[in-house]
Amino acid sequence: MASSPGRPGNLPAEPTSFVGRRAELDQVLRALERARLVTLLGPGGVGKTRLALRAADRARPLFPDGVWLVELSGLRAPESLPCVIAETLRLPGRRVDDPAGFLADRLAASELLLVLDTCEHLVHACAMLAERLLTAAPGLRVLTTSRESLNLVGEHLVPVPPLAVPCPRDGTAPTGSAGDAAPLCDSVTLFAERAGASSPGFTVAPGNHAAVCALCRRLEGIPLALELAADRLPAMPVEEIVERLSDRFHVLTGADGPYGASWTGGRRHRTLRAAITWSHDLCMPAERMLWARLSVFPGGFDLAAAESVCADGDLPADELVDVLTMLVDKSVVRFDPGAGRYQMLDTLREYGAERLDEAGETGPLRRRHRDHYAALADRAARERLGPHESCWTRRLRSEEGNLRAALEWSLATPGAKASGLRLAVALLDR
Ligand SMILES: Nc1ncnc2c1ncn2[C@@H]1O[C@H](COP(=O)(O)OP(=O)(O)OP(=O)(O)O)[C@@H](O)[C@H]1O
Ligand SMILES: [Mg+2]
């Protein structure tokens, strides 16, 4: 799904196979025809980002100036939003006094689709900016993903449900669902695909069909929860996963939870949380430690960064790659071999950040993260204006999320202004 050469845009290739969502895709595309701001709404791990990327790819022919993805999960400072968008769109020039006005002017005559992924922690800033840009640029459409609506007049909300789960009676897809004509419904298909990848030779057959269906129902069809469960297969059979998860869910998702059973967003959140906690509990201590520590990288990372930031006496550098590989096998971390980079899904990163806080390691780890990227910024400053300029530009671009996070940490920490300045220069130089 990577953007075709010569066409503007920056949609990434999809990391894994895509399942179902025919009806939802049609719904998003119809919404984009009618409304200029469309928000895909749903709890963590339900599949908003994947659906947005698919829909954006399908919508590409409608936008001569391209389809642009702006990933906001690593961004903490709302005032940086216009700059991040302008930088992602590679708009030349800048106006320090009014970055939103600059962006509005530059986009005024553009016909493009802006995909703002992960808006929930910046809803207000996203709403204000979207309103301003949509007023200034009649050819612009905005597609957002969020756990909360932007609450704007004219915003078209598309709720993203989990994947269809099988009927308790016979395991078929529920009547009226997108999976009607298929022998398996979408949650079962997703589980089977991920299970086949983690446990080669695995198929859904009459002998395990009932257990797989029970598992998909137990996990309420939430894609991320299904993926985490599928990665347990090499260690235990499906029947045991269902049994252990069910025990676990009685403890963690009793009907009297904080949100009440009727609020499905809340219930699904608890289901996913229970699945993540279960997955976390089954990790070895070193894997848990690395999971927590890697949460300081909002923008993905390479092995050298993981080693320099996360290794210490408790987690020696020469063992780190093995522990990291185990986290990749468990789908906690994803590896992109083309880019040579690792990435963690937001929901799993947030979970890791909570564990890091509990361990009292957030401060030290963020300092090491800042030191690593300040050193990278220094090297860039020394080596960039030489034969490797384009390499450095690419590198700094891929580290944008990390440079920004390191800069924010420096600005918020007394005595860290000098490194902040070096990081700011590196960000400007990209
Ligand atoms: N239709 C789908 N087909 C295949 N995989 C999917 C599908 N939907 C979601 N997934 C997988 O499930 C996981 C969670 O999906 P995604 O990241 O899109 O969720 P999200 O709603 O954006 O979560 P968050 O709120 O944390 O950003 C990912 O690993 C994704 O690849
Ligand atoms: Mg997402």
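The values are calculated or read from the model by the stated rules, or taken from the named source; none is laboratory data. This is a predicted model, so every value here is computed, not measured. Using ideal geometry, Cβ is built from the backbone for each residue, glycine included, and neighbour counts are taken over all protein chains shown. Ligands, DNA and RNA are stripped out before the accessible areas are found, and what is left, the full protein with its side chains, is counted by its heavy atoms. Shrake-Rupley method; radii C 1.70, N 1.55, O 1.52, S 1.80 Å.
In table form, for the structure just shown:
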item: Among residues of the range 350-390, those that are farther than 30 Å from residue 277 by Cβ and surrounded by fewer than 14 Cβ atoms within 10 Å (Cβ to Cβ), counted; result: 10
item: Selection from the range 211-236 of residues that are within 13 Å of residue 192 (Cα to Cα) and open to solvent by 10 Å² or more (accessible area, probe 1.4 Å); result: 211, 223, 227, 231, 232, 233
item: Criterion violated by residue 46 - all others in (1) of a type in the set (Val, Ile, Thr); (2) farther than 25 Å from residue 347 by Cα; (3) within 16 Å of ligand 2 (Cβ to nearest atom) satisfied; result: (2)
item: Filtered residues of the range 4-18 (kept if more than 16 Å from ligand 2 (Cβ to nearest atom) and either at pLDDT 95 or above or crowded, with 19+ Cβ neighbours inside 10 Å (or both)); result: 9
item: Residues of the range 155-177 that turn out to be open to solvent by 20 Å² or more (accessible area, probe 1.4 Å) and either part of a helix (DSSP H, G or I) or at pLDDT below 90 (or both), as a count; result: 9
item: When residues of the range 19-30 are limited to those that are in contact (Cβ under 8 Å) with a residue 24 or more places away in the chain and out of contact with any Asp or Glu (no Cβ under 8 Å at 6 or more places or on another chain), the one most open to solvent (accessible area, probe 1.4 Å); result: 22
item: Those residues of the range 107-126 which are part of a loop (DSSP other than H, G, I, E, B) and away from ligand 2 (no atom under 16 Å from the Cβ), in sequence order; result: 108, 109, 110, 111, 112
item: Within the range 326-342, tally of residues that are touching a Phe, Trp or Tyr at 6+ places or on another chain (Cβ under 8 Å) and either open to solvent by 70 Å² or more (accessible area, probe 1.4 Å) or at positive phi (or both); result: 3
item: From 32, 129, residue being more than 16 Å from ligand 1 (Cβ to nearest atom), in contact with a strand residue (DSSP E or B) (Cβ under 6 Å, 6 or more places away or on another chain) and part of a helix (DSSP H, G or I); result: 32
item: All positions within the range 178-202 that are part of a helix (DSSP H, G or I) and modelled with pLDDT of 90 or more; result: 186, 187, 188, 189, 190, 191, 192, 193, 194, 195, 196, 197
item: Residues that are within 13 Å of ligand 2 (Cβ to nearest atom), assigned to a strand (DSSP E or B) and not aliphatic (A, V, I, L, M), drawn from the range 49-94; result: 71
item: Yes/no for residue 64 being in the same structural domain as residue 138 (by TED's automatic domain parsing) and under 22 Å from the mean Cα position of the chain (by Cα); result: no
item: Which numbered condition residue 124 fails, given (1) open to solvent by 30 Å² or more (accessible area, probe 1.4 Å); (2) within 16 Å of ligand 1 (Cβ to nearest atom); result: (2)
item: Residue 33 open to solvent by 20 Å² or more (accessible area, probe 1.4 Å) and within 16 Å of ligand 2 (Cβ to nearest atom); result: no
item: Whichever residue in the range 345-392 is hydroxyl-bearing (Ser, Thr, Tyr) and closer than 16 Å to residue 407 by Cα and, among such residues, is nearest to ligand 1 (Cβ to nearest atom); result: 362
item: Some residue of the range 95-106 being in a loop (DSSP other than H, G, I, E, B) and open to solvent by less than 80 Å² (accessible area, probe 1.4 Å); result: yes
item: Residue ID - most open to solvent (accessible area, probe 1.4 Å), chosen from residues in the range 44-71 that are touching a Leu at 6+ places or on another chain (Cβ under 7 Å) and near ligand 1 (Cβ under 10 Å from one of its atoms); result: 54
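For (1) modelled with pLDDT of 55 or more; (2) under 24 Å from residue 17 (Cα atoms); (3) acidic (Asp, Glu), each residue gets a yes or a no:
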site	(1), (2), (3)
222	yes, yes, no
229	yes, yes, no
237	yes, yes, no
244	yes, no, no
249	yes, no, no
256	no, no, yes
264	no, no, no
268	yes, yes, no
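A quick yes/no check of all residues on (1) in a helix (DSSP H, G or I); (2) of a type in the set (Val, Ile, Thr); (3) within 17 Å of residue 167 (Cβ to Cβ):
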{"residue": "204", "(1), (2), (3)": "no, yes, yes"}
{"residue": "215", "(1), (2), (3)": "yes, no, yes"}
{"residue": "220", "(1), (2), (3)": "no, no, yes"}
{"residue": "225", "(1), (2), (3)": "yes, no, no"}
{"residue": "240", "(1), (2), (3)": "yes, no, no"}
